[in-house]
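Asks: The structure follows.
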Amino acid sequence: MWFYTPRWGDPTMKGIQVFLSVRIVGLPEPLVEFRRDALWTHLEPIRQLNEYPRPASEEPLPAELIDDVAGPGVAFLRHAADLHAFGQWAAEVHAQQGSWGAFRQVYPGGTAPLQAAAFAAAVAGDKALANRRAGAVVVEEGDPREVRDFRSELGRVVPE
């Protein structure tokens with residue numbers, strides 16, 4: 001979880017943005033520009049906010065920020081207890097066109113959640129499931145470069 005406060009703009013208008021990210025660990029360093037092995041989202045949209053109000057340094061954080069981090073934020077971060085559950089969750093996000101629960105925009109979009117699901121299966125040692133999910137990516141992804149990059153990265157985890 002990252003808390004982000006922009007360094008530009010009107011100091012009286014600055015707010016707090018919260019990024020939630022769940023990533024697969026144990027993969028080799030990527031050789032491509034973008035490897036799709038994570039799911040992430042912003043916390044603010046669940047309240048239809050662009051950002052949470054940023055208090056002065058001597059003031060406490062806004063109660064809604066604390067409530068949202070402790071509730072839906074933690075639920076997002078802890079939803080998948082293991083690689084198998086992460087893969088299932090990523091496939092759900094894909095099937096729901098990039099949404100999950102209170103979060104209407106889970107990133108990255110397109111076939112990226114399916115790619116993350118394939119990586120999770122591969123790291124978990126389930127080569128058959130990794131290959132099925134990879135097959136779905138190849139069928140659905142319209143960008144040949146994306147397919148090439150994905151297959152080369154997955155091949156480093158599950159040799160063909």
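The values are calculated or read from the model by the stated rules, or taken from the named source; none is laboratory data. Quick caveat, the model's predicted, so the values are computed rather than measured. Heads up, the Cβs are rebuilt from the backbone with ideal geometry, glycines too, and the neighbour counts pull from every protein chain shown.
Asks: For Ala91, indicate whether it is closer than 20 Å to Pro28 by Cβ and crowded, with 18+ Cβ neighbours inside 10 Å.
Replies: no
Asks: Further question on the same structure: Report yes if Leu31 is within 9 Å of the chain's Cα centre (by Cα) and either part of a loop (DSSP other than H, G, I, E, B) or of a type outside the set (Ser, Thr, Tyr) (or both), otherwise no.
Replies: Considered against the rule, which asks whether it is within 9 Å of the chain's Cα centre (by Cα) and either part of a loop (DSSP other than H, G, I, E, B) or of a type outside the set (Ser, Thr, Tyr) (or both), Leu31 comes out as no.
Asks: From the residues in region 39-56 that are touching a Phe, Trp or Tyr at 6+ places or on another chain (Cβ under 9 Å) and of a type in the set (A, V, I, L, M, F, W, C), which one is nearest to Arg148 (Cα to Cα)?
Replies: Taking the candidates together, the pick is Leu39.
Asks: Let me ask something additional. Would you check which residues across region 72-113 are aliphatic (A, V, I, L, M), over 22 Å from Ala128 (Cα atoms) and more than 11 Å from the chain's Cα centre (by Cα) and list them?
Replies: Selection gives Val74, Ala75, Ala102.
Asks: Check off (1) farther than 22 Å from Gly142 by Cα; (2) part of a helix (DSSP H, G or I); (3) in contact (Cβ under 8 Å) with a residue 60 or more places away in the chain for Asp68 and give me the number that stays unchecked.
Replies: (3)
Asks: Does Ala116 satisfy being surrounded by 14 or more Cβ atoms within 10 Å (Cβ to Cβ) and aliphatic (A, V, I, L, M)? Talk me through it step by step, then tell me what you get.
Replies: Values: surrounded by 14 or more Cβ atoms within 10 Å (Cβ to Cβ): yes; aliphatic (A, V, I, L, M): yes.
It is true that Ala116 is surrounded by 14 or more Cβ atoms within 10 Å (Cβ to Cβ) and aliphatic (A, V, I, L, M).
Asks: If Ala81 passes every condition in (1) outside any helix (DSSP H, G or I); (2) within 15 Å of Asp37 (Cα to Cα) but one, which one does it miss?
Replies: (2)
Asks: Next question. Residues to consider are Leu61, Leu43, Leu77; find the one that is surrounded by 13 or more Cβ atoms within 10 Å (Cβ to Cβ), of a type in the set (A, V, I, L, M) and modelled with pLDDT under 90. Reasoning before the result, please.
Replies: Numbers: Leu43 fails: modelled with pLDDT under 90; Leu77 fails: modelled with pLDDT under 90.
So the residue among Leu61, Leu43, Leu77 that is surrounded by 13 or more Cβ atoms within 10 Å (Cβ to Cβ), of a type in the set (A, V, I, L, M) and modelled with pLDDT under 90 is Leu61.
Asks: Right, next: What's the number of the only condition in (1) within 13 Å of the chain's Cα centre (by Cα); (2) farther than 17 Å from Ala134 by Cα that Arg47 fails to meet?
Replies: (1) is the only condition that Arg47 fails.
Asks: Additional query: Inside region 94-108, can you point out the residues that are in contact (Cβ under 8 Å) with a residue 60 or more places away in the chain and loosely packed, with under 14 Cβ neighbours inside 10 Å?
Replies: Answer for region 94-108, where residues must be in contact (Cβ under 8 Å) with a residue 60 or more places away in the chain and loosely packed, with under 14 Cβ neighbours inside 10 Å: just Gln105.
Conditions tested, residue by residue: (1) buried (at least 16 other Cβ atoms within 10 Å of the Cβ); (2) under 23 Å from Val25 (Cβ atoms); (3) of a type in the set (A, V, I, L, M, F, W, C).
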{"position": "Asp82", "(1), (2), (3)": "no, yes, no"}
{"position": "Phe86", "(1), (2), (3)": "yes, yes, yes"}
{"position": "Gly125", "(1), (2), (3)": "no, yes, no"}
{"position": "Ala134", "(1), (2), (3)": "yes, yes, yes"}
{"position": "Pro144", "(1), (2), (3)": "no, no, no"}
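Asks: Identify, by number, the condition in (1) at pLDDT 90 or above; (2) over 19 Å from the mean Cα position of the chain (by Cα); (3) not in a loop (DSSP other than H, G, I, E, B) that Thr12 doesn't meet.
Replies: Unmet for Thr12, out of (1) at pLDDT 90 or above; (2) over 19 Å from the mean Cα position of the chain (by Cα); (3) not in a loop (DSSP other than H, G, I, E, B): (1).
Asks: Another one. In the set Ala118, Ala136, Ala90, which member is touching a Lys or Arg at 6+ places or on another chain (Cβ under 7 Å) and at pLDDT 95 or above?
Replies: Selected residue: Ala118, the only one of Ala118, Ala136, Ala90 that is touching a Lys or Arg at 6+ places or on another chain (Cβ under 7 Å) and at pLDDT 95 or above.
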